[in-house]
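Data block below; observations after.
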Amino acid sequence: MTVAQYQALMQRRRGTQAVQPAAAAVPRKKPARNKTPVHSGPPSLPEPPAIAPLIAGLSGVGYVETLLMPYSEELLTSNQRLHHMAHHRLRKQLRADAASLAMAKRLPHLQRAAIFYVLHPRPIARKRDPGNWAPTAKAYVDGLVSEGGLLPDDNHEHLLGPSPVMGPPVTTGFARMSLVIVELTEPVTSQNTQSVAT
């Protein structure tokens, strides 16, 4: 049955006049997605994270250092859909930034350490999961260990973490990350930590 035949049938059933062909449907606009603004203002320095709650649950604490990582408009997250080449390029840049900072700060060579990565989110009123930034933290730790010489290796014998912590937000600019490096004077085991208050 064609459209014209269907319309004629419906006209006879209703006892009305000929039905005019339906107007072409107007396509609906998709709702605008909230996109990250291209320029969110100049980079800002977040407040330093509170160290005491982080090291309270660790035993055998030695040297402690907090590093505010260099500003980047792009960080790796677990939810991103990046082309593998773009992902590789960004990961390589984050590693190089961490290695340069380690050499500039003249970080000591440690045998064992716990590392916390502190997310300083953009000033947007919504809940954040700092664990989503684990790929950025991993790239930073790789740069500190392999090129910066912070630890002999980033395996379980030398490194505890990196563990996510939510920090104070930035006032302008994109999200930033701090790394809290805590030297452990005892072997890294599950007995080294108690519950860490964040």
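A few points about this structure:
- Residues (over 20 Å from residue 55 (Cα atoms), in contact with a strand residue (DSSP E or B) (Cβ under 9 Å, 6 or more places away or on another chain) and not basic (Lys, Arg)) located in the stretch 111-133: 121, 129, 132, 133
- No other residue among 11, 17 is farther than 30 Å from residue 167 by Cα and at pLDDT 80 or above apart from 11.
- Counting only residues that are modelled with pLDDT of 85 or more and loosely packed, with under 14 Cβ neighbours inside 10 Å, the stretch 36-47 holds 2 of them.
- Those residues of the stretch 142-151 which are buried (at least 17 other Cβ atoms within 10 Å of the Cβ) and either touching a residue at least 40 places away in the same chain (Cβ under 8 Å) or among the aromatic types (Phe, Trp, Tyr) (or both), in sequence order: 142, 143, 144, 148, 150, 151
- Conditions (1) more than 17 Å from residue 164 (Cα to Cα); (2) more than 19 Å from the chain's Cα centre (by Cα); (3) in a helix (DSSP H, G or I): number failed by residue 110: (3)
- Selection count, the stretch 152-169, where residues are within 23 Å of residue 44 (Cα to Cα) and either among the polar types (S, T, N, Q) or crowded, with 22+ Cβ neighbours inside 10 Å (or both): 1
- With respect to the conditions (1) over 17 Å from residue 177 (Cβ atoms); (2) surrounded by fewer than 18 Cβ atoms within 10 Å (Cβ to Cβ), residue 58 lacks only one, and its number is (2).
- Residue within the stretch 124-138 that is without any contact (Cβ under 8 Å) to a residue 24 or more places away in the chain, among the aliphatic types (A, V, I, L, M) and closer than 18 Å to residue 173 by Cβ present: yes
- Within the stretch 72-101, the set of residues being modelled with pLDDT under 90 and closer than 19 Å to residue 118 by Cα comprises 72, 73, 74, 75, 76, 77, 78, 79.
- Considering the conditions (1) closer than 30 Å to residue 146 by Cα; (2) modelled with pLDDT of 85 or more, residue 4 is excluded by exactly one of them, (1).
- Complete set of residues in the stretch 116-140 that are in a loop (DSSP other than H, G, I, E, B) and among the small types (Gly, Ala, Ser): 125
- Of all the residues in the stretch 50-91, those that are among the basic types (Lys, Arg), without any contact (Cβ under 8 Å) to a residue 40 or more places away in the chain and closer than 19 Å to residue 144 by Cα number 1.
- Some residue of the stretch 121-141 being crowded, with 21+ Cβ neighbours inside 10 Å, under 20 Å from the mean Cα position of the chain (by Cα) and farther than 15 Å from residue 75 by Cβ: no
The values are calculated or read from the model by the stated rules, or taken from the named source; none is laboratory data. On a predicted model such as this, the values are computed, not experimentally measured, just so you know. A quick note on method: Cβ atoms are made from the backbone with ideal geometry, for glycine too, and the neighbour counts reach across all protein chains shown.
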